[in-house]
1. How much net charge surrounds F224 when only other residues with a Cβ under 13 Å from its Cβ are counted (Lys, Arg +1; Asp, Glu -1)?
2. What pairs from K213/K284; K113/K139; K145/K173 go past 19 Å between their alpha carbons?
3. Can you grab the distance from the C-alpha centre of the stretch 134-172 to the C-alpha centre of the stretch 8-86, Å, no decimals?
4. Would you work out which of L259, F245, I291 lies farthest towards the positive end of the dipole of the chain? Charges go on Cβ: Lys and Arg +1, Asp and Glu -1.
5. Which length gain, in nm to one decimal place, applies between R69 and T114 when the Cα-Cα distance is subtracted from 0.36 nm times their residue separation?
6. Is there a quick way to get the dipole size of the stretch 100-245? I mean about its Cα centre, with the Cβ of Lys and Arg at +1 and of Asp and Glu at -1; what is the value in debye to the nearest 20?
7. Along the charge dipole of the chain, pointing to its positive end and built from +1/-1 on Cβ of Lys, Arg, Asp and Glu, which listed residue (P19, A164, G40) has its Cα farthest out?
8. Looking at S68, S123, F224, which one has the Cα that reaches farthest to the positive end of the dipole of the chain (charges on Cβ: Lys, Arg +1; Asp, Glu -1)?
Amino acid sequence: MNDNPPIHVFGEVLFDHFPDGSRALGGAPFNVAWHLQALGQSPRFISRIGDDPPGREIAASMEAWGMSRADLQIDRDRPTGSVRVSIRDGEPHYEIVPDAAYDFIAAGSLADKTTEGVLYHGSLAVRNPVARAALQAVKARHRGKVFVDVNLRPPWWDREILRALLDGADWVKLNEAELAELCPESRGGLEAAMVAFYELFDLETLVVTRGGKGAVAWDRRERFVAVQPAAGTAVVDTVGAGDAFVALLLLGLNRQWPLELTLERAQSFAGALVGRRGATVAEKAFYRAFIDEWN
């Protein structure tokens, strides 16, 4: 399944720290790259870790999973990214620790590399102007599609910076609440808001995720394509479901699957993931079942 250009994934890798003292390796771009690697895509993950035990653990995990570390930078001065998760009134809240290594992804040699295929990035990793400049350096030499995964985590996003990112996007994925935040003036419900957002940024495809209701897409053929979770889907943990969904959107885009098929497979994959604990799975057999089915 790797007979196409590598998917380039730009953004954060970090550890989530939970109130019970446990932690989990994550960051949306890292989760996406992890899934793509297991699905035979050999993604190029562009990020930065600290020269510290968490950073070395990340590097070791990537190597054990077969992921390329060619674009994984080492920061001698700043720590590996982390998020402190707390529970208030039954809801999770996230303190995304600032000035992490991934905030300082350096342009450096990235400006000298021409990339093809699909370039994925989120909105969190560009909260710092240093990483933002590095992303611009990558995009300046990219020859292919740009996929933007919106992730509005107050206070770590800026409306004008995000609009500039969206102006350069071909595909965008966001959830219903994020669409309402970015397109508040729209009237007429979800579909009207999607069309307004799509036209505002001259996109190729817009995908809106709806949690337990599935997802809806709108593309240049001017049609809505919707998917829903399979009846009776067992839910153990929804953390990382969006990242699993995005990984399959990227796979479908890179392999030029029809939009309907891409969404169906994305929903199926995300539905399987929510039946597991955690945002990623460290068992090759989990992914092999999907590879065999799709081949």
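1. Working: positive: R210, R220, R221, R223; negative: E191, D219, E222, E260.
Charge balance in the 13 Å sphere: 0.
2. Numbers: K213/K284 28 Å; K113/K139 10 Å; K145/K173 14 Å.
The answer is K213/K284.
3. What the calculation gives is 20 Å, centre to centre.
4. I291
5. Working: separation 45, 0.36 × 45 = 16.20 nm, distance 1.75 nm.
Extending this stretch completely gives an extra 14.4 nm.
6. For this selection, approximately 200 debye.
7. Of the listed residues, the answer is G40.
8. Of the listed residues, the answer is S68.
The values are calculated or read from the model by the stated rules, or taken from the named source; none is laboratory data. Just so it is clear, the structure is predicted and the values come from calculations on it, not from any experiment. Glycine also receives a Cβ, built like all others from the backbone with ideal geometry; neighbour counts cover every protein chain displayed. Just so you know, the surface numbers come from the protein's heavy atoms only, side chains and all, with ligands and any DNA or RNA stripped out. Shrake-Rupley method; radii C 1.70, N 1.55, O 1.52, S 1.80 Å.
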